[in-house]
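Peer 1: Would you mind keeping the following structure in view while I ask a few things?
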Ligand SMILES: *Cc1c(COP(=O)(O)O)cnc(C)c1O
């Protein structure tokens, strides 16, 4: 089921850029979206190799990873369970997870921290249960993400990607090294204090020469936004036709444009952005947007 993949590279027509491209991982699947598809590919293979047919994972109530796991499980005729952080809520994301057949267990924030023991307590006796860490963070996930680089037909001087755990970034860096490219990997941590991403990446890749972290584009922290970021999303989406989300891709695209204004790039640069998907995350922020109308 992971054989066919649709993720074209497109040019983004946005002044003053004439060298800005996007890898449309958001088009791979609406629900097994973007980097979550990449991350789950080899995790699923491992589960199948071990003949496990019950995926058990972890995430917040608006986690793109939960939805991706639910959808992948349904497609592969597996069952899925998610431990959802915090008190019981209902939202669009969890509705979709439920439609894909995912069993949800709400768990208070304290107990949620110890994922291994939650798994053991609830599914220790279930021989079919397969543990998948929050966000799919794992070595297998980096292997799937490295394949983004295998698919590129041309060299780029810069690649940009948003980071939460840094697993996707580690995979991209692996891919760049595998192909002996000189490409700079520009990573935008979406959390405050994003320097920790470097340590995360070092767990999987020892050579971080090509890595550049831009830690000032978190807009207050994980899932935090500002009016400036919200108005950026509207402007960017309406002028490019590319939908972006406030948690990840908007912060990355904002960074690219801000760095351009600060003369970060040269005329010879060729910039590839990774659209890592996750568009359902917009629904977690719907109160930040106002529907505009014009009275004539
Ligand atoms: C989860 C996610 C990321 C972050 O990926 P990490 O591997 O955790 O760094 C980036 N973009 C989108 C859209 C995501 O859903």
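Just so it is clear, none of the values below were taken in a lab; they were calculated from the coordinates. As the structure is a prediction and not an experimental result, all values here were calculated from the model. Counting neighbours? That spans all protein chains shown, and the Cβs are built from the backbone with ideal geometry, glycine included.
Peer 1: P(r) for the stretch 191-296: what percent of alpha-carbon pairs falls in each 5 Å bin, starting at zero?
Peer 2: 2, 10, 18, 22, 19, 14, 8, 4, 1, 1, 0, 0, 0
Peer 1: I would also like to ask the following. Which distance in nm do the two modelled labels at residue 126 and residue 1 give, with both placed 7 Å along the Cα-to-Cβ direction?
Peer 2: 1.6 nm
Peer 1: Select from 124, 171, 135 the residue whose mean-square fluctuation is largest in a Gaussian network model of the chain (Cα-Cα springs shorter than 10 Å).
Peer 2: 124
Peer 1: I need two numbers for the stretch 36-136: Rg to one decimal and Dmax as a whole number, Cα atoms only, in Å.
Peer 2: Computed over the Cα atoms of the stretch 36-136, radius of gyration and Dmax are 12.4, 35 Å.
Peer 1: For the residues 168, 57, 237, what sequence is obtained by ranking on other C-beta atoms within 10 Å, fewest first?
Peer 2: Result, fewest neighbours first: 237, 57, 168.
Peer 1: Sorted from fewest to most neighbouring beta carbons within 10 Å, what does the list 190, 9, 205 look like?
Peer 2: With the fewest neighbours first, 190, 9, 205 line up as 9, 205, 190.
Peer 1: Going by alpha carbons, how many degrees (0 to 90, nearest 10) lie between the helix axis of 64-75 and the longest principal axis of the chain?
Peer 2: Approximately 60 degrees, to the nearest 10.
Peer 1: Quick check: residue separation of residue 237 and residue 79 times 0.36 nm, minus the Cα distance between them. What number comes out in nm?
Peer 2: 53.3 nm
Peer 1: Then there's this: Please give the residues of the stretch 243-285, grouped as numeric ranges, whose backbone N is less than 20 Å from a label point set 7 Å along the Cα-to-Cβ vector of residue 106.
Peer 2: 283-285
Peer 1: Stokes-Einstein at 10 °C, 1.306 mPa s, Kirkwood radius from Cα pairs: D for the stretch 106-255 in µm² s⁻¹?
Peer 2: 93 µm²/s
Peer 1: Based on the inverse mean of 1/r over its pairs of different Cα atoms, what is the Kirkwood hydrodynamic radius of the chain, in Å?
Peer 2: Its Kirkwood hydrodynamic radius stands at 19.7 Å.
Peer 1: Same structure again: Only counting other Cβ atoms within 10 Å, I'd like 275, 179, 65 sorted with the fewest neighbours first.
Peer 2: Ascending Cβ contact count within 10 Å gives the list 179, 65, 275.
Peer 1: Give me the one-decimal nm value for the distance between modelled label points at residue 195 and residue 89, 7 Å along each residue's Cα-to-Cβ direction.
Peer 2: With each label point 7 Å from Cα toward Cβ, the separation is 3.1 nm.
Peer 1: Please give the per residue volume of the convex hull enclosing the alpha carbon atoms of the stretch 98-182, rounded to a whole number of Å³.
Peer 2: Per-residue hull volume (Cα only) is 150 Å³.
Peer 1: Something else about it: Which FRET efficiency value, to the nearest 0.05, do you get for residue 182 and residue 258 by plugging their Cβ-Cβ distance into 1/(1 + (r/R0)^6) with R0 = 30 Å?
Peer 2: After rounding to 0.05, the efficiency reads 0.80.
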